[in-house]
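S.K.: Below you'll find the structure I mean.
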Amino acid sequence: SWETVLKEKAEDMIHVLQFPYNGEAPGERLISKELTDNKDHFVRNHGGIPDIDADAFTLDITGAVNNPRRFTLAELQDEKVFPRQTNIVTLQCSGTRRIEQIHEYPGDGDELINAPWGEGAISTARWTGVSLKKVIKACGGLKDGADNIEFFGADTYFKKGQVYNYVVSVPWRKVKVNEVLLAWEMNGQPLPKIHGYPLRALVYGYIGARSTKWLYEVRAITRPSAAPVQRKEYLYYTPQIGKQNAKYSNGFSIQDMPVSSAIISPKDMDQIIHDGKISLAGWAYSGGGHWPVRVEVSGDGGSVWYEVPYQNMSTKYYHAWRTWKMDLPVDAEGWLEFCVRTWDNAMNTQPTFVRSAWNWDLHVTSSAHRVKIYSIN
Ligand code: MTE
Ligand code: MO
């Protein structure tokens, strides 16, 4: 509810949607630290914010495991049974930078839940919990044929007149490499209510949508979840698909996030008085187990690129973004288009233009990020 937003989030949060609550922190503060303060971490909700009593809380492990079991929070937190795992992980919503796609062509805009995000639906925290793999092992492991894990969130939301729980799934191979955490701590604090208190899933390098908050059940299944969030949302369509011909079957389900980046300062339409150099700053990220190795910026819309000095990039963590800054040499006066692109360790880089990867559901805006500035030298 709104009181939780006011209590747990920064006062100057940009409220992208009020209900369901979606918010991002002002960009300059977001990139001022490698680790985002809890109050500045973006929030993406599909419905309400459940009120869960941690003492009465239980997590059920069900479905195709050999010994289905119920755990209390204290049992999951018992270090004699389960080793704790802490990782610095970036969570990114596939809606990040959606506003650029909306400006290119409006897409599935009648869906209120497609929030018009800027560059801030991405944040980084130090998360602590237990690897889901260990919990499933404690349940005797998977039965033959089980290869997906379904998550149930306690919140409810409405879509097209129906009420749903938040349910999604991830493939077992992601769990097997200890990249799915059942987390109860965020930057050394108990999870804030708005981020899934008392327990959430955290799926490293995947689209944020799989990181189920207010988790109360984990079920081993033999194919991806049939629930609407898994089957009908987070689909990537080709540019020929629109309102008349969009069918869930002609989109593919997004899991790994691609390499992407953003210029946070200067801001679009800034006028800058300078003496031959303009300071740029932003973030760079790659999902799917990759990380940014080089950031490049351009002062002329992408003809000539300059490398951001490596020492101007923040620490490399395998599952996190890197913030960066750069003094770009600029002689020209007048309107200029600045842009940024990142290369990851697998030599992937970003599409050139928003229209290079526009899609009806307006997901994953990962093209080179552009801002227009007015230069006075
Ligand atoms: N889990 C539940 N139960 N309900 C939700 O609406 N939203 C998902 C995911 N987990 C969601 C959820 C989406 S789309 C994203 S991007 C992340 O949570 C955002 O996590 P955050 O709000 O902690 O930043
Ligand atoms: Mo999301």
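The values are calculated or read from the model by the stated rules, or taken from the named source; none is laboratory data. Keep in mind that this is a model prediction, so the values were computed, not measured. Positions of Cβ are backbone-derived with ideal geometry, glycine not excepted, and every protein chain shown enters the neighbour counts.
S.K.: Suppose we filter Arg70, Arg44 for residues that are among the basic types (Lys, Arg) and free of Cβ contacts under 8 Å to residues at least 24 places away in the same chain; which single one remains?
M.R.: Arg70
S.K.: Step by step: first the residues of region 349-377, then only those that are of a type in the set (A, V, I, L, M) and in a loop (DSSP other than H, G, I, E, B), then the one that is surrounded by the most Cβ atoms within 10 Å (Cβ to Cβ). Which residue is that?
M.R.: Residue satisfying both the conditions and the ranking: Leu362.
S.K.: Also, quick follow-up: Would you check which residues across region 232-255 are part of a helix (DSSP H, G or I) and within 16 Å of ligand 2 (Cβ to nearest atom) and list them?
M.R.: Residue satisfying the conditions is Lys232 alone.
S.K.: So, one more: Within region 305-347, track down each residue that is outside any strand (DSSP E or B), among the aliphatic types (A, V, I, L, M) and either closer than 18 Å to His369 by Cβ or in contact with a His (Cβ under 6 Å, 6 or more places away or on another chain) (or both).
M.R.: Val308, Val330, Ala346
S.K.: Restricting attention to region 42-68, which residues are surrounded by 16 or more Cβ atoms within 10 Å (Cβ to Cβ) and more than 16 Å from ligand 1 (Cβ to nearest atom)?
M.R.: Once the filter is applied, which keeps residues that are surrounded by 16 or more Cβ atoms within 10 Å (Cβ to Cβ) and more than 16 Å from ligand 1 (Cβ to nearest atom), region 42-68 yields Ile61, Thr62, Gly63, Ala64, Val65.
S.K.: In the set Val218, Val229, which member is within 11 Å of ligand 1 (Cβ to nearest atom) and on the phi < 0 side of the Ramachandran plot?
M.R.: On inspection, the qualifying residue turns out to be Val229.
S.K.: Which members of region 157-177 meet the condition of being touching a strand residue (DSSP E or B) at 6+ places or on another chain (Cβ under 8 Å) and either under 20 Å from Ile221 (Cβ atoms) or not assigned by TED's automatic domain parsing to the domain that holds Asp144 (or both)?
M.R.: Tyr164, Asn165, Tyr166, Val167, Val168, Ser169, Val170, Pro171, Trp172, Lys174, Val175 - these are the residues of region 157-177 that are touching a strand residue (DSSP E or B) at 6+ places or on another chain (Cβ under 8 Å) and either under 20 Å from Ile221 (Cβ atoms) or not assigned by TED's automatic domain parsing to the domain that holds Asp144 (or both).
S.K.: Mind counting the residues in region 152-164 that are crowded, with 19+ Cβ neighbours inside 10 Å and either polar (S, T, N, Q) or more than 8 Å from ligand 1 (Cβ to nearest atom) (or both)?
M.R.: The qualifying residues number 1.
S.K.: Can you find a residue that is part of a loop (DSSP other than H, G, I, E, B), basic (Lys, Arg) and buried (at least 22 other Cβ atoms within 10 Å of the Cβ) anywhere in region 205-222?
M.R.: Yes, because at least one residue in region 205-222 is part of a loop (DSSP other than H, G, I, E, B), basic (Lys, Arg) and buried (at least 22 other Cβ atoms within 10 Å of the Cβ).
Results for (1) within 16 Å of ligand 2 (Cβ to nearest atom); (2) part of a loop (DSSP other than H, G, I, E, B); (3) within 24 Å of His319 (Cβ to Cβ); (4) among the hydroxyl-bearing types (Ser, Thr, Tyr), shown as yes or no for each residue.
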site	(1), (2), (3), (4)
Pro20	yes, yes, no, no
Lys33	no, yes, yes, no
Lys39	no, no, yes, no
Pro50	no, yes, no, no
Ala56	no, yes, no, no
Phe71	no, no, no, no
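S.K.: Being on the phi > 0 side of the Ramachandran plot and of a type in the set (A, V, I, L, M, F, W, C) is the filter here, so list the residues in region 256-312 that pass it.
M.R.: Met269
S.K.: Would you mind telling me which numbered condition in (1) within 16 Å of ligand 2 (Cβ to nearest atom); (2) closer than 16 Å to His319 by Cβ; (3) surrounded by fewer than 23 Cβ atoms within 10 Å (Cβ to Cβ) Arg126 fails?
M.R.: All conditions pass for Arg126, except number (1).
S.K.: Give region 32-41 a look and list any residue that's surrounded by 16 or more Cβ atoms within 10 Å (Cβ to Cβ) and either farther than 21 Å from Gln189 by Cα or in contact with a helix residue (DSSP H, G or I) (Cβ under 8 Å, 6 or more places away or on another chain) (or both), or say none.
M.R.: Within region 32-41, Thr36, Asn38, Asp40, His41 meet the criteria.
S.K.: Please go through region 215-228 and give me each residue that is at pLDDT 95 or above and of a type outside the set (Gly, Ala, Ser), ordered by number.
M.R.: Leu215, Tyr216, Glu217, Val218, Arg219, Ile221, Thr222, Arg223, Pro224
S.K.: Only one of Ile264, Ile272, Ile278 is surrounded by fewer than 17 Cβ atoms within 10 Å (Cβ to Cβ) and either part of a strand (DSSP E or B) or in contact (Cβ under 8 Å) with a residue 40 or more places away in the chain (or both). Can you tell me which?
M.R.: Unique residue meeting the criteria: Ile272.
S.K.: Checking Lys247 against (1) over 20 Å from the mean Cα position of the chain (by Cα); (2) in contact (Cβ under 8 Å) with a residue 24 or more places away in the chain, which single condition isn't satisfied?
M.R.: (2)
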